[in-house]
Amino acid sequence: MIGRIRALCRNVFRGERVEQELDEEIRGYVELTAAENMRRGLAPGDAMLAARRDLGGMDQVKERVRDVRTGAAADTLIRDLRYALRALAQHPGFATVAVVTLALGIGANTTIFTVVSGVLLKPLPYREPDRIVTLWERQLSSGIVGTVAPANFYDWRAGSRSFDKMAAIDPYPDFILNGSGEPRRLAGAAVSADFFSLFGVRMAAGRDFLPEEDRPGHNQVVILSYAAWMSEFGGRPDLVGKALRLNDANYTVVGILPGNFWLVSKASDFQSRTRFDIWTPLALASPPPEWQRGTHPLCVYARLKPGIPIARAQADLDRIAANLQTQYPADDKDAGITAVPLGRHVVGDVRTALATLMAAVGMVLLIACANIGNLLLSRAAGRRKEMALRVALGASRGRLARQLLTEGMVLAAVGCLLGSLFALAAVPALTRHLPADLPRAAEIAVDWRALLFTSLISAATGIVFGLVPLWQTRRVSAGDALRQGGRGIAAGQSRLRGALIVGQVAAALVLLVGAGLMAKSFWKLIRVSPGFRTGHILTARLSLPPRYANGYAFGTGKHRLISAFERDLLDRVHGIPGVASAAFTAYLPLGGTDNAWAFNIEGRPVKPPGVYDMTNYRPVSAGYFETIGIPVLHGRGFDASDDEDHALVVAINQSMARMFWGRQNPVGGRLRFSGPEWRTIVGVVGDAHHKGLDAAPTPEMYLPYAQVPNVELRPTIVLRTAVEPASVVSALRKAVAGVDPNVPIDEIASMKELVSGSVGQARFRTAVLAAFALLAVFVAAIGLYGVMSYLVSQRTQEFGIRMAVGASRGDVLRLVLGQAAKLAAIGIALGLAAAALVVRLIASLLFNVAPFDPATLAGVPVLLAAVALLAGYIPARRAARADPMTALRYE
Amino acid sequence: MADPQPELLQGTLDLLILKALALEARHGMGISRRIAQITNGTFEVKAGSLFPALHRMAEAGWLVSSWGESETNRRARFYRLTRAGRKQLQAESERWERISFAMASALRAT
C-alpha cells in the first residue's frame, strides 16, 4: 500500500523524471536488442531496424506502461484536457462560435425559464396555496366579473359551507403619517380579522387583529408591513404597542408582518397597487347598512375546506347567490358569484405571453444545439484523417473516445460557465425591466434547476456530436481514409448536416414570424391615438388628510374645503414659470381605476328595479379638457363657474353620446343619479383610452369636482408645461406645501412615462421575442455559413476542374449559392407550414393584426432568404475566386 | 501490433518475470531472454507486454529497480525481487502447480 502511495506521488509530482527514465529504459532495450542482433551477424543498420521492429513502436509501449501506472486515469485526463484545449485553440473561430452559441442558448433559456417559473410555476408563497380561492361578483347578463359589495361579502361569509375562512380586503384607504418631518403617505388596506390567518401568516412581531377589533369604533389598530417598519420606523423593536398619528387620529400598532409576506395579486386587483404599508381592520357593521350593497370596493379571498373541490364550492356559492337575488333584487338581481383559484386568477392573463416566450426560447436552444451539432460535424469531417492516422498508430478506440469526450466536455463546460454568467447577469437586469404589472415579478431569482437542465441538454449535444469522428472510423480502414486525404465525406453525414440547417432555418422562420407579428402589433398599439395630449404633461397625486373629507353629504362645509384647496393650489401652480395650464382629475386616463354611476335620462321611461344604465364617471376640475388635450366636440367644457353654487352640469364622451343619443345632440339634455337633482349635459368631449391603448374606449361622463358628492381624497393634478415637465416638479412641491404642508405628494410622472408604462407588457414580450428571433436568425446564419464553407473547402478541387474545363466564376458562384438556396428554401417552406400552425396560438397577444398577416408572412421569408444567401455568398465567392491551378494542386 | 495472447499471459507473465528474477537482478531485455531460455523459447515476451508488467509489479512492491551498467556498458535499469516479490513467487508457483496439475489430470481423463 505504502509503495502504491509512493508510486502515485512519484508519478504525479515527478512526472517528467519518470517519463525520462521510461524513455531511457526503452531506448536501452532497443540498443541491447540491436547489439544482440549484431552478435548474431546482422549489419549494424539492419540490427537496429530489426530491434525497432521487434519493439513494435516506442510510443505504444510507453503508452501501455503509462496506462498501468497508479493514477493513470487522472494523468490521462490532464493530458486529454491539455490536448483538447490545444486542439480548440488551433481553431479559435470554431471554438468561439461553439462556446458563444452554447452560452447564448443556455443563458437565454435559463433567464426566460426563470421568469416563467417564477411567475407561472412556483407555488404561491402560502400554506396550502391550492386551497385559496378568490371570489368575485359576476354580472349574470354580461358575464363581467368584478369586486364585491361589503353587505354581499357579509352574507356570503355567513351562508357558505365550503370554506374554512372567508376574508375581504378593501385596498383603498391610505394613511397620512404625521410624524417628524414631511408628511408621508402610506399605502393602506382594510382587512377583515381572518385575512392574515387565511393565508397562514404569522406576525414577525406582535399579533394579528382580534375579532373584536374588526368592529366599527374598535378598529383604531394597525399592522405594519415589514418594509414600512424598516423604512418608516428604522425597525424599532419597541414599536408594537406604541401609538401612531395617522390621518390626524391615534392608532395603536399591534403587529408587524414578516418580511416574506407578499399579497400576490394581479395589476387590476388593487388599482395597480402591488404592496401595502399599513393594514387596519375592515370593521364592517353587523349587519352592514344596506347602502353597502350598492358599492363594490372589496376583494374577497376564501380557503376551501380540506377535500372540497372547487366545483362543490361553486355550487354552494350559486345557492347563496340565488338567495340574494330574491332577497335584494334592487342590488343583486343580476349578481352571481364566481370562485377562481388564486394561482389561476393571478397569472391567467400572462400565461399565453409567457408560454410564447418559453416556446420561443426553447426554439432558440434547439437552433443553438443544432448549430453545435453542425460545427462539431464539420470539425469531425476535417479530423477524419487525424483519427485514421491515430488508429493506424495504435490508439485504441476507447482512448480516442475518451479524448473526444474530453473535447466535447471542455466546450460544454466553457459554454455552461458563460451561459450561467449570462443568466446571473441577465435575470436581475430583466427583472428590473419586467413590466411593472407582471404578477409576482418581485419574487424572481435565478432558477438553478433550469440552468442545470439546459446545461445538460447542451452538454449532451456537444458530447453526442463530438463523438461523430469516432463513429466515422468504425468501418473505414486507416489506409482508405489516408488515401482519400480526408475527402469524400459520407453521404449520410452530409444529409444530416443539411437536415440540421433546414431545421434551423425553419425554426428561425417561425420565431421571426412570431416576432414580426408582435412587433407589428406593438407598432400599431403605440400609434393608437390615446385621445389626449402626451407631450409636456406632468401628473402628480396628492393625498388630502381626512379633515377635507366631505362624508356623503353634498354641499357641506368640508366639501367646500376640498374645492378651496384645489382652487388655491391651481392659482399658485398657474404662477409657476413654464406652466401653461393646470387642472385636477380623480382618475387619470390609462389609469384603469373606475367608478360607475347608474343614471336616468330625462324624458325616458324609468327602468325597473335592478336594471340600470351605468357608466364610469370622472370628477375633474375647470380647465381639465384644455389642459390634458381632450377635445370638446360639442357644447363646452367646465369653467370656474361650475361650482357648488351653480347649476349641476355634466359632460359626456363621444361613446356615451353615441350609445345613448345616437345621432341626436345630447347637449342641453338632462340626466340624474340616485338623487333628485337633474344635471344638464353641457358638452360632448372626445373619447380617451382609460383601460389601456388596446382596449376600446367605453362610455364615460365627466363631472365638475365641486359638484361631486363623496369625492376622491386623492386627486391627481395635471400640468401642461411649456418646458420639460420634470423641471417644474420642485416648484409644484413648493406650491403644495404652501397651501397645506400636511399634504403628501407622490406618483409624480410625465404623461409620456405613463403611456409607456401602460404598454409595458406588450413592449416586454415584443422586445424579448424580437431579440430571440434575431438571435435565432444569427445562429442559423452562422450554421449555414459553416456548412457552406465546409462544402466549398471539400470541393475546391472539383471547382478547379470545372473552371479548367471552361466554367466561369459566375457558374461556380451560382452552383454554390444554388446549394445554399436549396437548403434555405426547404427550411423556409417547412417553417411557413409550422408558422401557420403556431400563429393561431398567439392570436390573443396581437393587437389589430391578423395572425395570417400577409405582409409579415411574405416579408419574413424574404428577409430570411436574404440572410441565408448572404451566409452562402461569402463561401461561394471564395470558391469562385480560387485560382483553378491552385485548386487543382491543392491537397 | 496487438499482443497475440494477452489473456493467457495475464497471470502467467507475472509468474514468469518473478521466476526470471529469482536468482539475480536483470534489465528488461535480460528478463525477456531469460524467460525465452527457461521456457525453451515457448514464450517470447515483447516489450509492449514486458514493460507495462514490470512497472505494474514495481508499483505493487514486488520489484525494485535501480540503474546500473549492462554487459555492453550501457546504462540500463535493473530489476530485482523484494521480500514481497519472493513471497508472491512462492504463492504464485504453488497456485500454478495446482492449476497445471488439475489441468493435466482433466485432459488425461477420458
Exercise for review: Working from the alpha-carbon coordinates of chain A, get Rg over Rh, Rh being the Kirkwood radius.
Suggested key: 1.13
Point to revise | Separation of the residue A:606 and residue A:646 label points, Cα + 7 Å toward Cβ, nm | key: 3.1 nm
Check your understanding: Relative contact order for chain B using alpha-carbon pairs under 8 Å, separation at least 6, rounded to a whole percent?
Key -> 26 percent
Review point. If the cut-off is a Cα-Cα distance under 26 Å, which lysines reach residue A:752, setting aside same-chain residues fewer than 8 apart in sequence?
Key: A:266, A:520, A:524, A:691, A:734
Practice item. Specify the inter-centroid distance of the range A:504-527 and the range A:733-780, based on alpha-carbon positions, in whole Å. Key: 22 Å
Revision key, fill the gap. Rounded to the nearest 500, the 222 nm mean residue ellipticity computed for chain A from DSSP H runs (n ≥ 4, each -39500 (n - 2.57)) alone is -17000 deg cm²/dmol
Check your understanding: Can you give the average number of partner chain beta-carbon atoms within 10 Å of each beta-carbon in peptide A:61-68, as a whole number?
Key -> 6
Study note, to complete from the structure: Restricting to Cα pairs under 8 Å and 6 or more apart, the percent relative contact order of the range A:541-697 works out to 22 percent
Exercise for review: Would you work out if the range A:707-754 is rounded, prolate or oblate? Take a ≥ b ≥ c from the square roots of the eigenvalues of the alpha-carbon gyration tensor; rounded if a/c is under 1.5, else prolate when a/b is larger than b/c, oblate otherwise.
Suggested key: oblate
Revision key, fill the gap. The answer for residue A:252, listing residues at least 5 apart or on another chain whose modeled amide H is closer than 5 Å to its amide H, is A:221, A:222, A:244
Practice item. Quote to one decimal, in nm, the extra length available between residue A:453 and residue A:81 on full extension: 0.36 nm per residue of separation minus the C-alpha distance between them. Key: 131.5 nm
Exercise for review: Highest first, please rank the peptides A:639-647, A:249-257 by the mean number of other Cβ atoms sitting within 10 Å of their residues.
Suggested key: A:249-257, A:639-647
Check your understanding: Using a cut-off of 21 Å between alpha-carbon atoms, which lysines can reach residue B:87, once sequence neighbours fewer than 8 places away in the same chain are excluded?
Key -> B:19
Exercise for review: Evaluate the relative contact order of chain A (contact order divided by residue number), counting alpha-carbon pairs under 8 angstrom at least 6 apart; express in whole percent.
Suggested key: 15 percent
Revision key, fill the gap. The helix B:47-60 Cα axis meets the longest alpha-carbon principal axis of chain B at an angle in degrees, between 0 and 90 and rounded to 10, of 90 degrees
Check your understanding: Within straight cross-link reach of residue A:62, meaning Cα distance under 22 Å, which lysines are found once same-chain residues fewer than 8 apart are removed?
Key -> B:46
Point to revise | Selection from A:124, A:142, A:97 lying farthest towards where the dipole of the range A:95-156 points positive, charges on Cβ | key: A:97
Practice item. Give me the percent of Cα-Cα pairs in the range A:544-743 that sit more than 22 Å apart, rounded to a whole number. Key: 50 percent
Revision key, fill the gap. In degrees, nearest 10, the alpha-carbon axis of helix A:491-526 is tilted away from the dominant principal axis of the alpha carbons of chain A by 20 degrees
Practice item. Tell me the label-point distance for the pair residue A:850, residue A:778, using the 7 Å Cα-to-Cβ offset, in nm and rounded to one decimal. Key: 3.4 nm
**Study point:** Solvent-free Debye scattering, log10 I(q)/I(0), computed from the Cα coordinates of chain B at q = 0.15, 0.23 Å⁻¹
**Key:** -0.67, -1.37
**Study point:** Inter-chain Cβ neighbour average for residues B:25-31, partner chain, 10 Å
**Key:** 3
Exercise for review: Would you mind putting A:593-603, A:776-786, A:824-834 in packing order, based on average other-beta-carbon counts within 10 Å, highest first?
Suggested key: A:776-786, A:824-834, A:593-603
Practice item. List the longest stretch of chain B that has no exposed loop site; here a site is one of the GluC sites (Glu not before Pro) assigned by DSSP to anything other than H, G, I, E or B, with at most 14 other Cβ within 10 Å. Key: B:72-110
Practice item. Take the Cβ-Cβ distance between residue A:242 and residue A:496 as r, set R0 to 60 Å, and report the resulting FRET efficiency rounded to the nearest 0.05. Key: 0.20
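Every number in this text was worked out from the coordinates using simple rules, so none of it is lab data. Since this is a predicted model, take the numbers as computed values, not measurements. All Cβ positions, glycine included, derive from the backbone under ideal geometry; neighbour counts span all protein chains shown.
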